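Asker: Here it is: the structure, laid out below.
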Amino acid sequence: MKVFMSHSHADAALAARVSDALQSSGLEVWDPDRNLLPGDNWASEVGRALEEAQAMIVLLTPAAANSPHVKREIEYALGARNYTNRLIPVVVGDPELVPADKIPWIVRRMRWFGLKDTEDDAPEVQPIADAILSHA
(Lines give C-alpha, C1' and ligand atoms only; values in the text may rest on other atoms or scores of the structure.)
Protein backbone atom coordinates (compact mmCIF):
# COMPACT_ATOMS: atom_id res chain seq x y z
CA MET A 1 0.00 0.00 0.00
CA LYS A 2 1.27 3.48 -0.90
CA VAL A 3 1.50 5.95 1.98
CA PHE A 4 2.10 9.70 1.70
CA MET A 5 4.25 11.08 4.54
CA SER A 6 3.21 14.63 5.41
CA HIS A 7 5.60 16.57 7.64
CA SER A 8 7.44 19.82 8.03
CA HIS A 9 10.79 20.04 6.28
CA ALA A 10 12.21 20.80 9.75
CA ASP A 11 11.26 17.23 10.73
CA ALA A 12 12.91 15.56 7.71
CA ALA A 13 15.32 13.41 9.74
CA LEU A 14 12.50 12.04 11.89
CA ALA A 15 10.31 11.49 8.82
CA ALA A 16 13.12 9.50 7.19
CA ARG A 17 13.42 7.22 10.23
CA VAL A 18 9.63 6.73 10.36
CA SER A 19 9.54 6.06 6.59
CA ASP A 20 12.26 3.42 6.88
CA ALA A 21 10.45 1.70 9.75
CA LEU A 22 7.13 1.75 7.87
CA GLN A 23 8.76 0.31 4.77
CA SER A 24 10.12 -2.52 6.92
CA SER A 25 6.45 -3.20 7.79
CA GLY A 26 5.63 -3.67 4.11
CA LEU A 27 4.34 -0.20 3.23
CA GLU A 28 5.55 1.88 0.28
CA VAL A 29 6.17 5.40 1.67
CA TRP A 30 6.40 8.56 -0.43
CA ASP A 31 8.24 11.33 1.40
CA PRO A 32 8.72 14.68 -0.36
CA ASP A 33 12.15 15.19 1.22
CA ARG A 34 13.33 11.82 -0.08
CA ASN A 35 11.46 11.49 -3.36
CA LEU A 36 11.76 14.97 -4.84
CA LEU A 37 14.95 15.67 -6.74
CA PRO A 38 16.51 19.01 -7.68
CA GLY A 39 14.76 20.28 -10.79
CA ASP A 40 11.55 18.32 -10.19
CA ASN A 41 8.30 20.21 -10.55
CA TRP A 42 7.51 20.20 -6.84
CA ALA A 43 3.78 20.94 -7.13
CA SER A 44 3.25 18.41 -9.90
CA GLU A 45 5.15 15.60 -8.17
CA VAL A 46 3.47 16.17 -4.80
CA GLY A 47 0.07 16.29 -6.52
CA ARG A 48 0.75 13.01 -8.32
CA ALA A 49 1.94 11.36 -5.10
CA LEU A 50 -1.18 12.55 -3.24
CA GLU A 51 -3.42 11.11 -5.95
CA GLU A 52 -1.62 7.76 -6.03
CA ALA A 53 -1.34 7.19 -2.27
CA GLN A 54 -3.96 5.21 -0.39
CA ALA A 55 -3.09 6.50 3.08
CA MET A 56 -1.46 9.53 4.69
CA ILE A 57 0.57 9.81 7.84
CA VAL A 58 0.88 13.32 9.24
CA LEU A 59 3.73 13.89 11.68
CA LEU A 60 2.32 16.53 14.01
CA THR A 61 5.02 18.67 15.58
CA PRO A 62 5.13 22.38 16.38
CA ALA A 63 6.86 22.95 13.02
CA ALA A 64 4.23 20.91 11.14
CA ALA A 65 1.39 22.78 12.84
CA ASN A 66 2.81 26.00 11.38
CA SER A 67 3.54 24.59 7.92
CA PRO A 68 1.22 25.74 5.11
CA HIS A 69 2.29 22.68 3.07
CA VAL A 70 1.23 20.26 5.81
CA LYS A 71 -2.07 22.11 6.18
CA ARG A 72 -2.79 21.81 2.43
CA GLU A 73 -1.88 18.13 2.41
CA ILE A 74 -4.24 17.46 5.34
CA GLU A 75 -7.02 19.39 3.60
CA TYR A 76 -6.49 17.35 0.45
CA ALA A 77 -6.63 14.08 2.39
CA LEU A 78 -9.81 15.09 4.22
CA GLY A 79 -11.59 15.52 0.88
CA ALA A 80 -10.15 12.59 -1.05
CA ARG A 81 -11.88 9.19 -1.16
CA ASN A 82 -8.60 7.31 -1.35
CA TYR A 83 -7.81 8.48 2.21
CA THR A 84 -11.12 7.46 3.82
CA ASN A 85 -10.26 6.02 7.26
CA ARG A 86 -6.59 6.23 6.34
CA LEU A 87 -5.52 9.70 7.45
CA ILE A 88 -3.29 8.89 10.40
CA PRO A 89 -2.24 11.76 12.69
CA VAL A 90 0.95 11.00 14.64
CA VAL A 91 1.83 13.38 17.47
CA VAL A 92 5.56 13.53 18.00
CA GLY A 93 6.75 14.21 21.52
CA ASP A 94 4.64 16.16 24.01
CA PRO A 95 1.13 16.79 22.59
CA GLU A 96 0.95 20.01 24.63
CA LEU A 97 3.64 21.51 22.39
CA VAL A 98 1.56 21.09 19.22
CA PRO A 99 -0.73 24.13 19.01
CA ALA A 100 -4.25 22.67 18.74
CA ASP A 101 -5.63 25.81 17.11
CA LYS A 102 -3.33 25.20 14.12
CA ILE A 103 -4.65 21.65 13.52
CA PRO A 104 -7.94 21.28 11.59
CA TRP A 105 -10.77 20.58 14.03
CA ILE A 106 -11.67 17.27 12.41
CA VAL A 107 -8.10 15.99 12.77
CA ARG A 108 -8.17 16.95 16.46
CA ARG A 109 -11.19 14.61 16.82
CA MET A 110 -9.47 11.63 15.15
CA ARG A 111 -7.59 8.87 16.92
CA TRP A 112 -3.99 10.01 17.20
CA PHE A 113 -0.92 7.90 17.58
CA GLY A 114 1.95 9.03 19.74
CA LEU A 115 5.61 8.81 18.87
CA LYS A 116 8.48 9.61 21.18
CA ASP A 117 10.74 12.40 19.99
CA THR A 118 13.96 10.40 20.02
CA GLU A 119 16.91 9.77 17.76
CA ASP A 120 16.08 6.03 17.53
CA ASP A 121 16.99 4.60 14.15
CA ALA A 122 13.82 2.49 14.11
CA PRO A 123 10.94 4.20 15.92
CA GLU A 124 8.08 1.96 17.05
CA VAL A 125 5.63 2.33 14.18
CA GLN A 126 4.01 -1.11 14.06
CA PRO A 127 0.71 0.15 15.57
CA ILE A 128 0.63 2.85 12.88
CA ALA A 129 1.34 0.33 10.10
CA ASP A 130 -1.30 -2.00 11.52
CA ALA A 131 -3.89 0.80 11.51
CA ILE A 132 -3.21 1.51 7.84
CA LEU A 133 -3.16 -2.13 6.82
CA SER A 134 -6.39 -2.88 8.71
CA HIS A 135 -8.22 -0.52 6.31
CA ALA A 136 -6.54 -1.86 3.17
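The values are calculated or read from the model by the stated rules, or taken from the named source; none is laboratory data. A quick note: this is a predicted structure, and the numbers were derived from the prediction, not measured. Neighbour counts run over all protein chains shown; Cβ positions are idealised from the backbone, glycine included. Ligands, DNA and RNA are stripped out before the accessible areas are found, and what is left, the full protein with its side chains, is counted by its heavy atoms. Shrake-Rupley method; radii C 1.70, N 1.55, O 1.52, S 1.80 Å.
Asker: Could you go through segment 19-27 and let me know if any residue there is in a helix (DSSP H, G or I) and touching a Lys or Arg at 6+ places or on another chain (Cβ under 8 Å).
Answerer: Going through segment 19-27, the residues in a helix (DSSP H, G or I) turn out to be 19-24.
Subsequent filtering for residues that are touching a Lys or Arg at 6+ places or on another chain (Cβ under 8 Å) retains 19.
Yes, segment 19-27 contains at least one residue that is in a helix (DSSP H, G or I) and touching a Lys or Arg at 6+ places or on another chain (Cβ under 8 Å).
Asker: Considering segment 37-62 alone, what residues qualify as being open to solvent by less than 40 Å² (accessible area, probe 1.4 Å) and either among the acidic types (Asp, Glu) or touching a residue at least 12 places away in the same chain (Cβ under 8 Å) (or both)?
Answerer: Correct list: 46, 49, 50, 53, 55, 56, 57, 58, 59, 60, 61.
Asker: It is to be established whether one or more residues within segment 85-97 are open to solvent by 80 Å² or more (accessible area, probe 1.4 Å), within 22 Å of residue 1 (Cβ to Cβ) and in contact (Cβ under 8 Å) with a residue 24 or more places away in the chain.
Answerer: yes
Asker: One residue is enough: does segment 91-100 have a residue meeting the conditions within 19 Å of residue 29 (Cα to Cα) and touching a helix residue (DSSP H, G or I) at 6+ places or on another chain (Cβ under 8 Å)?
Answerer: For segment 91-100, residues within 19 Å of residue 29 (Cα to Cα) and touching a helix residue (DSSP H, G or I) at 6+ places or on another chain (Cβ under 8 Å): present.
Asker: Here's another thing I want to ask about it. Within segment 107-127, identify whether any single residue is touching a residue at least 24 places away in the same chain (Cβ under 8 Å), open to solvent by less than 10 Å² (accessible area, probe 1.4 Å) and among the aromatic types (Phe, Trp, Tyr), and answer yes or no.
Answerer: Scanning segment 107-127 turns up no residue that is touching a residue at least 24 places away in the same chain (Cβ under 8 Å), open to solvent by less than 10 Å² (accessible area, probe 1.4 Å) and among the aromatic types (Phe, Trp, Tyr).
Asker: Ok, one more. For residue 34, only one of the following conditions fails: (1) in contact (Cβ under 8 Å) with a residue 40 or more places away in the chain; (2) open to solvent by 70 Å² or more (accessible area, probe 1.4 Å); (3) in contact with a helix residue (DSSP H, G or I) (Cβ under 7 Å, 6 or more places away or on another chain). What is its number?
Answerer: It is condition (1) that residue 34 fails.
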